[in-house]
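Scroll down for the structure; my scribbles are underneath it.
Throughout, read-outs are computed from the coordinates displayed, never taken from laboratory work. Keep in mind it's a predicted model, so treat the numbers as computed, not measured. For neighbour counting, all protein chains shown are included, and Cβ atoms are generated from backbone atoms with ideal geometry for every residue, glycine included.
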């Protein structure tokens, strides 16, 4: 059984002591009811998020987890397996590398008997190193908004594992590291559309592709109604084709000449070898071995 919880909270609430906006806990949608175990799961996850994003306490965050937790940020595979790795990761790479200007906007939560799934929007200014999300990249100063999905597994009343998903392409595009104009990638509008479906028209990338194809077709040269290709309209293309044909003809003539030359050389060698053998036979000696120098001096045997 799963119960859906819906976000309804102001972004101005939840300011932490560091100045960044904290995680807003989810409230049940009207008409739904959680079991006691499901409510405990939801409350524990809220406490985990508050410890990591508001109070920035590594030990308080780990108190909500089992003794052998597993954390994986799927797009870049950062995190840890086991308590020691997760503690080091939280202390050095995650909790201490949260930008001062960051916001988490919950969208929805699905709670089961041993699992919870959060859908949220993570917005931040990339003004510090964020190895957990963009390993090895220096700060760009760009504002980035990215949708995320978090799958949390619970065991024995504590958090056992976390799988965090997001679109790394939109993060890199908003950071100015890849060109989104030439690739089918959405920017911050993908996050805004989740919060307000009417704010961004659908199928924008499809329309961009169609407009690009129409632009290419308008600039293309017209084809000849009689001849194939552009030869009758574009002298440059015609000259390329003629030069290509002439090059092929020259190569064929060269190949025929080379074959003829090799054939003639082979015939001359055979006739000279025959003349040498005839001379050896007349002299009665057979111990001499023909050399190229001696063969050149021999007359060519008649055909």
Dividing the convex hull volume of the alpha carbon atoms of the stretch 136-183 by its residue count, what do you get in Å³ per residue?
112
May I ask you to sort 264, 87 by Cβ crowding, counting other Cβ atoms within 10 Å and putting the fewest first?
264, 87
Counting other C-beta atoms within 10 Å, which of 251, 133 has the fewest, and how do the rest follow?
251, 133
At R0 = 41 Å, how high is the FRET efficiency between residue 68 and residue 143 if r is their beta carbon distance? Nearest 0.05 is fine.
0.65
Gain upon complete extension [residue 208, residue 165; 0.36 nm per residue less C-alpha separation]
12.8 nm
Residue list for the stretch 147-188, given a label point 7 angstrom along the Cα-to-Cβ vector of residue 117 and an amide N cut-off under 17 Å
147-154, 161-167
Assuming R0 = 45 Å, can you tell me the calculated FRET efficiency for the pair residue 96 and residue 200, based on Cβ-Cβ distance, to the nearest 0.05?
0.85
Which order do peptides 49-62, 145-158 fall in by mean Cβ count within 10 Å, highest first?
49-62, 145-158
Once both labels are modelled 7 Å past Cα along the beta-carbon direction, what's the residue 33-residue 125 spacing in nm?
4.8
Sorted peptide list for 192-199, 66-73, criterion being average Cβ within 10 angstrom, highest first:
66-73, 192-199
Over all directions, what mean area does the Cα convex hull of the stretch 111-199 project, stated in square nanometres?
7.3
